[in-house]
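Report on the following structure.
What follows draws every value from the coordinates through simple rules; no lab data is involved. All values reported here derive from a predicted model rather than from experimental measurement. Cβ atoms come from the backbone with ideal geometry, glycine included; neighbour counts cover every protein chain shown.
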Amino acid sequence: MDMLKRYNFFIDVLIFTCGLYSVASLEDNELKLITIGTDVTDGLRRYLRSTNKYDLDAEVFGIGMDWKGGDVANSAGGGHKVNILKKELEKYKDQENLILMFTDSYDVVLTAGKQDILEKFKKFNARVVFSAEGFCWPDPSLAASYPEVKSKEKRFLNSGGYVGYAKDLYEIITHRSIKDTDDDQLYFTNIFLDETLRKKWNMKLDVKSELFQNMHGAQGDVTIKFKSDHSYAYNVITGTTPVVVHGNGPIKPEFNRFANYLADGWTTQNGCQACKEETISIRELKDDEFPTVLVSLFFEQPTPFAEDFLERIANLKYPKSRIDLFIHNKVEFHNKDIASFLEKYNDMYRSATILMPSDGIYEAAARNWAVEVCKQKNDQYLFSVDVYAQITDPETLIDLIEQNRTVLAPILSRPYKLWSNFWGAVNKDGWYARSEDYIDIVEKKKIGLWNVPYITGAYLIHGSLMEELRDIYSAESLLE
Ligand SMILES: *[C@@H]1O[C@H](CO)[C@@H](O)[C@H](O)[C@H]1NC(C)=O
């Protein structure tokens, strides 16, 4: 509920700025972005960050609803989207000057503002433009029914992005009935492939990615470019600069990596812009006002320098009275290190939960246990650290909290080695792959906030995620 209120406030501010903008630029068309998001996820926040950045008027439908459209990343579905729009777009159907641009939200980032979008749209000479991709999905047998395209163009409709006059879009959306569990892409495909309907609404496909870049099957087609302190996506095959970048289908890690840079999130000239946004400040607080943290330490293998490790935890600049300790030790060899650490510091901490080898708890169970303790103690954060992760900077915990992200890991490195505690990419089997920017990041040539597919060793998780993370660890999910 809290989220929703804040979120409405956010939209109000956007509408206000756009009102001013349209007067100033004397555009004769209004542009409204519409999307659907049932939960305020990091993905939705990323979408809104980008629409906000470019002063776009964005409206999100479906917040708080139960999603009935299935898992659209991996299978057919999504009819629920059309049904939500049927209801929500009615109020716009008679606004002749209004152009609506629908995109998905969790896997979409905008890279330009109203003027660019309208100019590009008008070049199509269409009433409605759909995004295109290289796969004919979900019914490949329809491929031959599509109009032909040139060799470098994409032939098939993707319903994750479309733009058009409100009136025409409303007619298309209400043309037929669709079940929540039916496929929305098939719904629009069938309409598009019907030549009479295609002409009636003057529908076109964005075969060159002038507006919409669908990334699935096209990762090699797009690259990030920088111009002074701005970043944008560039399609090297068609020479276009798409405004909507969509990580459709099963390529989320690649899209997430790409999106780190988009909407000026990171630029060659100014470095990390996103790092400066939505941060909080806690270091000026009085000791007893600091957020409470469950610091959980894991000793899973015999590891050198465990004493130093513990001393560094004790040296973190953070009031111990606001830290609940959780220790899981599976290794007899470390008993004495932990005993002497506790002897020295135990009384200063808010509480301590200690699991020793004699308790016979496995790693996955222990990690799940830490999540439970975090929840039980109502801690605002869980900071998980493995014994090999020497936290050399005492400010680390405060720095991580002040960055105000849901899940955040500091980068750990080994001198002169390319090892780190994150992966920049994953391969098809879900295993390590090296991303284009991995080395620059590990060597700190690029400093920033990076959305990556895998982290380990040390990380901070916001307490609000504990319910979702319940029993998340299993023997299989713990690599090594
Ligand atoms: C901190 O993050 C939360 C969740 O992303 C957000 O709602 C909140 O506004 C952020 N705080 C500030 C001060 O920006």
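Brief remarks follow.
- Summarising the amide proton neighbourhood of residue 435: residues at separation of 5 or more, or on other chains, whose placed amide H is nearer than 5 Å comprise 424, 425.
- Kyte-Doolittle mean at least 1.6, axial Cα span of 30 Å or more - DSSP H helices of the chain: none
- Mean Cβ count within 10 Å, highest first, over the residues of peptides 444-453, 327-336, 253-262, 158-167: 158-167, 253-262, 327-336, 444-453
- If you take all other residues with their beta carbon under 14 Å from the beta carbon of residue 88, and give Lys and Arg +1 and Asp and Glu -1, the sum is +4.
- Note on the range 192-338: along the principal axes its Cα atoms extend 78, 38, 29 Å, ordered by decreasing extent.
- Bridging of residue 208 to lysines at a Cα separation below 17 Å is possible for 120, 122, 123, 150, 152, 154, once same-chain residues fewer than 8 apart are set aside.
- Neighbour counts of C-beta atoms inside 10 Å place 60, 371 in the sequence 60, 371, starting with the fewest.
- Measuring nothing but how far apart in sequence close Cα pairs (under 8 Å, 6+ apart) lie, relative to its length, the range 326-401 scores a relative contact order of 31 percent.
- In the range 312-368, Cα pairs under 8 Å separated by at least six residues give a relative contact order of 46 percent.
- Relative contact order [Cα under 8 Å, 6+ residues apart], the chain, whole percent: 12 percent
- Set of the range 420-446 residues, backbone N closer than 11 Å to the point 7 Å along the Cα-Cβ line of residue 116: none
- Over the range 314-456 - Rg/Rh using Cα atoms and the Kirkwood inverse-distance radius: 0.98
- Here the dipole of the range 306-382 is about 360 debye; that uses its Cα centre as origin and unit charges on the Cβ of Lys and Arg (positive) and Asp and Glu (negative).
- Distribution of pairwise C-alpha distances over the range 54-175, 10 Å bins, in %: 10, 39, 39, 12, 0
- Gain on full stretching of the segment that runs from residue 468 to residue 365 - 0.36 nm per residue minus C-alpha separation: 35.5 nm
- Placing unit charges on the Cβ atoms of the charged side chains and taking the dipole of the range 304-422 about its Cα centre, the candidate lying farthest along the positive direction among 328, 345, 380 is 380.
- Cβ-defined net charge surrounding residue 149, 10 Å radius [Lys, Arg +1; Asp, Glu -1]: +3
- Extent along the principal axes, Cα only, for the chain: 80, 46, 44 Å, with the longest axis given first.
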